[in-house]
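Engineer: Starting off with a structure, shown below.
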Amino acid sequence: MGCFLLERQGAKVKVRVGGELSADTAPELRELLFAVMEDGVTDLTLDLSGTALLDATGVALLLAAANSYRGGDRCFALVALPPAIVALLETLRISQRLGARIG
């Protein structure tokens, strides 16, 4: 299961993703991210330090979020990635595209 903790300071939001980011939990996070975007957030950071599992659905959600928040006056970053998730994103050759920062 996934657990999402949101911290907001004005137009900046940090979401801590705990547990799994998978087909079971991605729809809930997708709804949260859509609501945040609709609420005018322009700086989104996803903290994956507590994420134990990332599947294909989770990867697709990360790519969609990155695409939605890049450009113009919006910023997107992935921070505090566990080594296994870094290895997965590097294997898929998308770590730079996602703005992934090892934590």
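Any read-out appearing in this document is the output of simple, stated calculations on the displayed coordinates, not a laboratory observation. From a predicted model like this one, the values you see are computed outputs, not experimental measurements. Positions of Cβ are generated from backbone atoms using ideal geometry, with glycine treated the same way; all protein chains shown enter the neighbour counts.
Engineer: If residue 79 meets every condition in (1) surrounded by fewer than 16 Cβ atoms within 10 Å (Cβ to Cβ); (2) under 17 Å from residue 101 (Cα atoms); (3) aliphatic (A, V, I, L, M) apart from one, which number is that one?
Structural biologist: In the conditions (1) surrounded by fewer than 16 Cβ atoms within 10 Å (Cβ to Cβ); (2) under 17 Å from residue 101 (Cα atoms); (3) aliphatic (A, V, I, L, M), residue 79 misses (1) alone.
Engineer: Under 6 Å by Cβ, and 6 or more places apart or on different chains, what pairs join a residue from the range 27-55 that is under 19 Å from residue 90 (Cβ atoms) and free of Cβ contacts under 8 Å to residues at least 40 places away in the same chain with one that is in a helix (DSSP H, G or I) and of a type outside the set (Phe, Trp, Tyr)?
Structural biologist: As it stands, the answer is 54/85, since those pairs meet every condition given.
Engineer: Continuing with the same structure: Of all residues in the range 57-75, which are of a type in the set (Gly, Ala, Ser) and either under 11 Å from residue 22 (Cβ atoms) or not in a strand (DSSP E or B) (or both)?
Structural biologist: 58, 60, 64, 65, 66, 68, 72
Engineer: Still on this structure: So which residues in the range 76-94 are in a helix (DSSP H, G or I) and β-branched (Val, Ile, Thr), if there are any at all? Talk me through it step by step, then tell me what you get.
Structural biologist: Restricting attention to the range 76-94, the residues satisfying the condition of being in a helix (DSSP H, G or I) are 83-91.
Answer for the range 76-94, where residues must be in a helix (DSSP H, G or I) and β-branched (Val, Ile, Thr): 85, 86, 91.
Engineer: Could you please give the count of residues in the range 4-16 that are out of contact with any Lys or Arg (no Cβ under 9 Å at 6 or more places or on another chain) and either more than 22 Å from residue 54 (Cα to Cα) or loosely packed, with under 15 Cβ neighbours inside 10 Å (or both)? Break it down into steps so the answer makes sense when it comes.
Structural biologist: Filtering the range 4-16 down to residues out of contact with any Lys or Arg (no Cβ under 9 Å at 6 or more places or on another chain) leaves 9-13, 15-16.
Pick out the ones that are also either more than 22 Å from residue 54 (Cα to Cα) or loosely packed, with under 15 Cβ neighbours inside 10 Å (or both) and you get 9-12.
Looking only at that region, the number is 4.
Every residue, every condition in (1) within 16 Å of residue 86 (Cα to Cα); (2) touching a Phe, Trp or Tyr at 6+ places or on another chain (Cβ under 8 Å); (3) surrounded by 15 or more Cβ atoms within 10 Å (Cβ to Cβ), yes or no:
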| residue | (1), (2), (3) |
| --- | --- |
| 30 | no, no, yes |
| 35 | no, no, no |
| 51 | yes, no, yes |
| 59 | yes, no, yes |
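Engineer: Mind checking which residues of the range 26-56 are among the small types (Gly, Ala, Ser) and part of a loop (DSSP other than H, G, I, E, B)? Please lay out each step first, then the result.
Structural biologist: Residues of the range 26-56 among the small types (Gly, Ala, Ser): 26, 35, 40, 49-50, 52, 56.
Passing the criteria: only 40.
Engineer: Output yes when any residue across the range 17-25 is surrounded by fewer than 18 Cβ atoms within 10 Å (Cβ to Cβ), in contact with a helix residue (DSSP H, G or I) (Cβ under 6 Å, 6 or more places away or on another chain) and part of a strand (DSSP E or B), and no when none is.
Structural biologist: So far as the range 17-25 goes, no, none of its residues is surrounded by fewer than 18 Cβ atoms within 10 Å (Cβ to Cβ), in contact with a helix residue (DSSP H, G or I) (Cβ under 6 Å, 6 or more places away or on another chain) and part of a strand (DSSP E or B).
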